[in-house]
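Student: One structure, as structure tokens, below. Some questions next.
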Amino acid sequence: MSNVSASSQGVRTAPLRSGFWLVVLGAALWGVDPLFRIILLKSLTSSQIVLLEHVVLFLVAAPVMWRQRAELKGIRLRQAGALLVVSWGGSAVATILFTKALSSGDFNAVLLLQKLQPLFAIGLAAVILKERLPKNFAPLIIVALLGTYLLTFGWTIPFGHVNSFMGVGSLMALGAAALWGGSTVMGRYLLGSMKYETVTSLRFILALPLLFVITSMEGAPWQITGGISGSAAVAINLLLQALLPGLLSMLLYYKGLNTTKASVATLAELSFPMTGILINWIVYHQLVTLPQIIGFALIWTALFFISSQQSRQGHQAELIKQN
């Protein structure tokens, strides 16, 4: 009888742990984006790339959404607002704010402020989702953020004086961090009543009209250089970007988020900058420094212990149910 009970607990609590690592894997795939974007930027602007990417994603997501159309009848006002935060805020507006912040503010200050995203997600999760942080979670947050800092800045201090943080660029960076953190929380809220395939599809579909408006207002000409070979290269890279760091990453991310707290998922997303370091090392042959290795190790240590906490919490929850 005890063997059956232990086996049952393992089966039931496995989704908690596997969900966490699905979020890690989904976020890690975002790091391969530069492999395709660099080639695309030779012919298109950032907004044009994102628009075309979402057109491809729309063609994939529309049939899925049609099969799940019954879920649309149950959408209420709060869910509609959450969908706009995820699609417009997380996908479009946050990216625009961060890009403008980099061009109009102190570069290092903007990067440092963007690293506050997990704090926004954790705070919003506590207020909106009433999530409680696991025991000993605060030290893991510090370890993970320290690791991210070392990945980005190494041993250096990223700003010379406090005035670096006083400006429109810094406000834009904070706005982007808040929207990305809010997108994680709202995604978790939506998964309480919707399938992860539906949330993923609606994220792409709802962002498309806004991206059309943004690209039209930009007014940049559409031109692809290099003739047929250039057009083929753009098409292949666009397709790969849409399907790998776009569709596949978000499907894995939302499937994992379905069984993972938003406050925990926001730290799982730190696999994204780690992938960027590996891509720079393997593909672009950039030297990996000692601080980056230490930062890499700190983030993985934090992720390992968070995953272990998820497993223990699942076992405790099952024991409470059985009693």
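Student: Taking only Cα atoms and a 10 Å spring cutoff, compute GNM fluctuations for the chain and point out the largest among A101, A220, A178.
Tutor: A220
Student: While we're looking at this one, here's another question. Projected onto the charge dipole of the chain (+1 at Lys/Arg Cβ, -1 at Asp/Glu Cβ, origin at the Cα centre), which of T259, G154, T184 gives the Cα projection farthest towards the positive end?
Tutor: Checking the options against the dipole of the chain, the answer is T259.
Student: Mind counting lysine pairs for me in the chain? Cα separation below 22 Å, and the two need to be 8 or more apart along the chain or on different chains.
Tutor: Close lysine pairs found across the chain: 14.
Student: Also, I was wondering about something else. For region 196-323, what does the relative contact order come out to in percent, with C-alpha contacts under 8 Å and a separation of six or more?
Tutor: 27 percent.
Student: Now for a separate question. When the dipole is taken about the Cα centre of the chain, and only Lys, Arg (+1) and Asp, Glu (-1) are charged at their Cβ, what size is it in debye, to the nearest 20?
Tutor: About 960 debye.
Student: Among Y254, Y189, Y284, which one shows the highest mean-square fluctuation when the chain is modelled as a Gaussian network with alpha-carbon springs under 10 Å?
Tutor: The residue with the greatest mean-square fluctuation here is Y284.
Student: Of the candidates W300, W21, W66, which one comes out as most mobile in a Gaussian network treatment of the chain with C-alpha springs shorter than 10 Å?
Tutor: W66
Student: Can you pull the semi-axes for region 198-323, root of five times each eigenvalue of the Cα gyration tensor, sorted largest first, whole Å?
Tutor: 37, 24, 12
Student: Starting from region 71-121, pick out the trypsin sites (Lys or Arg not before Pro) whose DSSP state is loop and whose Cβ has at most 10 other Cβ atoms within 10 Å.
Tutor: R76
Student: Mean Kyte-Doolittle of at least 0.5 and a Cα length of 30 Å or more along the axis: which whole DSSP H helices of the chain meet both?
Tutor: 2-29, 46-67, 168-190, 196-218
Student: Residues of region 107-229: accessible area per residue at 1.4 Å, in Å²?
Tutor: Per residue, region 107-229 has 51 Å² of solvent-accessible surface.
Student: Now for a separate question. Averaging sequence separations of C-alpha pairs under 8 Å and six or more residues apart, then dividing by the length of the chain, give the relative contact order as a whole percent.
Tutor: In percent, rounded to a whole number, it is 44.
The values are calculated or read from the model by the stated rules, or taken from the named source; none is laboratory data. For clarity, every value in this text was computed on a predicted model and none was experimentally measured. Positions of Cβ are backbone-derived with ideal geometry, glycine not excepted, and every protein chain shown enters the neighbour counts. Side chains included, ligands, DNA and RNA excluded: accessible areas come from the protein's heavy atoms. Shrake-Rupley method; radii C 1.70, N 1.55, O 1.52, S 1.80 Å.
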